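The values are calculated or read from the model by the stated rules, or taken from the named source; none is laboratory data. Computed from a prediction, not measured in an experiment: that's the story for all the values here. Glycine also receives a Cβ, built like all others from the backbone with ideal geometry; neighbour counts cover every protein chain displayed. Remember, those area values only see protein heavy atoms, side chains included, never the ligands or the DNA or RNA. Shrake-Rupley method; radii C 1.70, N 1.55, O 1.52, S 1.80 Å.
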Amino acid sequence: MKRARAMTLSAVAATVGASAALIASLPSGNPAQAATAHATAAEGKAVFVRSCQGCHPSGGATAGVGPKLTARGLTKARIENQVRNGGGAMPAGLVTGTDLDAVVTYVVSIQRTAPKVRVLRPSSKMKKALNNAVRRKLKAKKISRKGLRGPLKGTRRRTTQVKWARVGTTEWAIGTFTRAKVGKRNQPEIFRRTAGKRWVNIVTSRGCFTRVPANVRKAWKIPKGRC
């Protein structure tokens, strides 16, 4: 009788212990579990900045060589498959092991919300930096910089002033320039820089604004392709 009772108590204790372990493993209502997941996403962002941001600027918030990754509804399986096997311009196996898991967790985490676009007010120092960026580009292409004026305060085109915005760590700008006797007059030029680096003149007016992320164009109230 005593032996049977002891066996029953042991079985109850084992059941309670298993239930407690199951409850502890559930993510909801478990601060420790949530903290671990958050840390993994933070680690993934660090790996992403180191290994992926060259093609996906601003932590994946804007397009570069590769597409923007935020708020696209990408699943964990699709992200992992892309990182493992590559595709398009992306090579396979850029990150592996724990770095792969961390990057996948980070990219999944940015599917929910897109980084906010902050529209900034251009300063005279910033306008001078844009002018220097155009001059560097012309010099690299061995084109005369004589007669270059801008950014201009007003033109007949839609870009009647310099526009400036920040998305994450990447900044975008548009400035309109005139260069006498070379090409069309009053051409809008597009610029980009990351984390306080020098501005780069990335495309001429012929490309219009298709290289500028949609959320930045929306903040500037500029339709796609409208110069």
_Single unsatisfied condition, G87 versus (1) crowded, with 17+ Cβ neighbours inside 10 Å; (2) in contact with a helix residue (DSSP H, G or I) (Cβ under 9 Å, 6 or more places away or on another chain)_ = (1)
*asked:* Looking only at the range 50-88, how many residues end up being among the small types (G, A, S) and part of a helix (DSSP H, G or I)?
replied: 5
*Being of a type in the set (D, E, K, R) and at pLDDT below 90 narrows it down to one of K68, K45, K125, so name that one.*
K68
_Taking the condition of being touching a Lys or Arg at 6+ places or on another chain (Cβ under 9 Å), assigned to a helix (DSSP H, G or I) and among the small types (G, A, S), how many residues in the range 101-130 meet it?_
3
*asked:* Where the second residue is buried (at least 17 other Cβ atoms within 10 Å of the Cβ) and basic (K, R) and the first is modelled with pLDDT under 85 and lies in the range 189-210, which pairs have Cβ atoms under 7 Å and are six or more apart or on separate chains?
replied: I202/R192; F209/R217
_Suppose the filter is open to solvent by less than 40 Å² (accessible area, probe 1.4 Å), more than 24 Å from T70 (Cα to Cα) and at pLDDT below 80; does T155 pass it?_
yes
*Could you tell me which residue of the range 50-79 is nearest to V107 (Cα to Cα), considering only residues that are of a type in the set (V, I, T) and either in contact (Cβ under 8 Å) with a residue 40 or more places away in the chain or open to solvent by 70 Å² or more (accessible area, probe 1.4 Å) (or both)?*
T70
*For the range 98-144, how many residues are closer than 21 Å to P213 by Cα, open to solvent by 90 Å² or more (accessible area, probe 1.4 Å) and more than 15 Å from the chain's Cα centre (by Cα)?*
1
